[in-house]
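*Asks:* Take a look at this one; I'll ask things after.
The values are calculated or read from the model by the stated rules, or taken from the named source; none is laboratory data. All values reported here derive from a predicted model rather than from experimental measurement. When we count neighbours, we look across all protein chains shown, and the Cβ atoms used for this are built from the backbone with ideal geometry, even at glycine. The accessibility values were calculated without ligands, DNA or RNA, using every heavy atom of the protein model including side chains. Shrake-Rupley method; radii C 1.70, N 1.55, O 1.52, S 1.80 Å.
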Amino acid sequence: AEQAKEAGHEIMIHTPMEPKVDASLAPDTLKTDMSKEEIENAFLQMLQKFEAIEVKGINNHMGSKFTEDKERLGYIIDILKLQNMFFLDSKTTSLSKGKELALDKEVDFASRDIFLDNENNYDYIFSQLLKAEKIAFNKGYAIAICHPKSNTYPALKDWIETLKDKEIKLVHVSQIVQKINQ
């Protein structure tokens, strides 16, 4: 994260949250059976790991069950407000309470438009990038989420080479969040 920050990248925390499906979870996953105190303490510990780096916001890793739980997600949104951070909803469920809570609590918010690499296939990822372009031209921006999979970087690298003549500008998520929340 420090090297990424030094290279001019924006730092976000990909926050592990409980999914609806049975999955192998990280030890620090935020879960719906946790108390308010447990959730707050666990999340604050995650933030402390990046204390020396200016973290702009978070998004949920998995999290379909957690982001549907208005009360528990609300604890996270409250902390984000205190920390002046945004919430990017990965939209792992259409029933997420992220937008509602962020609006109610006046926390900057955005949601992803497209997942790039649900399939670890170069052609699929490249086609998702082309879909992201269309979304950007229609909305004025697009937020695409991807993972460090073996075909993601090559597809991104090749796609970026095509941008010279497309009038597409890559920006930090916080710039989109600011535009949305003005």
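*Asks:* Taking the range 1-88 on its own, what percent of its Cα-Cα pair distances exceed 18 Å?
*Replies:* Distances greater than 18 Å cover 41 percent of the Cα pairs.
*Asks:* How do Ser111, Ser90 rank by accessible surface area computed with a 1.4 Å probe, from largest to smallest?
*Replies:* Highest to lowest solvent-accessible surface, that is Ser111, Ser90.
*Asks:* For Ile143, what charge total do you get from the other residues with a beta carbon under 12 Å from its beta carbon, if Lys and Arg give +1 and Asp and Glu give -1?
*Replies:* Its environment carries a net charge of +2.
*Asks:* Points 7 angstrom from Cα along the Cβ direction at Glu71 and Glu37: gap in nanometres?
*Replies:* 1.6
*Asks:* Could you please put Asp78, Asp104, Asp165 in sequence from largest to smallest accessible area, using a 1.4 Å probe?
*Replies:* Ranked list, largest accessible area first: Asp165, Asp104, Asp78.
*Asks:* On to the next question. For a quick check of understanding: with a 1.4 angstrom probe and all protein chains in place, what accessible area in square angstrom does Asp108 have, to the nearest ten?
*Replies:* It works out to around 70 Å².
*Asks:* Still on this structure, please answer the following. Counting only protein heavy atoms and using a 1.4 Å probe, what share of the accessible area of the range 140-182 belongs to carbon plus sulfur, as a whole percent?
*Replies:* Percent of accessible area from carbon and sulfur atoms in the range 140-182: 52.
*Asks:* Whole number in Å², please: accessible area per residue of the chain, 1.4 Å probe, ligands, DNA and RNA not counted.
*Replies:* Result: 59 Å² of accessible area for each residue.
*Asks:* Right, next: Check Ile13: other-chain or 5+ apart residues with amide H under 5 Å from its amide H, H built from backbone geometry?
*Replies:* Gly57, Ile58, Asn59
*Asks:* Same structure again: Could you work out Rg/(2.2 N^0.38 Å) for the chain, with Rg from alpha carbons only? Walk me through the numbers on the way to the answer.
*Replies:* Numbers: Rg = 16.6 Å, N = 182, 2.2 N^0.38 = 15.9 Å.
Ratio of Cα Rg to 2.2 N^0.38 Å: 1.05.
*Asks:* Considering Cα pairs under 8 angstrom that are at least six residues apart, work out the relative contact order of the chain and quote it in whole percent.
*Replies:* 17
*Asks:* Separate question: Report the full-extension gain for the segment Glu6 to Glu100: residue separation times 0.36 nm, less the Cα-Cα distance, to one decimal in nm.
*Replies:* Gain on extension, Glu6 to Glu100, equals 30.4 nm.
*Asks:* When the helices in the chain are scored as -39500 (n - 2.57) per DSSP H run of 4 or longer and the sum is shared across all residues, what 222 nm value do you end up with, to the nearest 500 deg cm²/dmol?
*Replies:* -13000 deg cm²/dmol
*Asks:* Shifting gears a bit: Where Rh is the Kirkwood radius over the Cα pairs of the range 129-173, the temperature 10 °C and the viscosity 1.306 mPa s, what D in µm²/s does Stokes-Einstein return? Write out the running numbers ahead of the final one.
*Replies:* Details: Rh = 11.3 Å.
My calculation gives 140 µm²/s for D.
*Asks:* Non-local amide H neighbours of Leu30 (under 5 Å, H modeled in plane, Pro and chain starts lacking H): which ones?
*Replies:* Long-range HN contacts for Leu30: Met17, Glu18.
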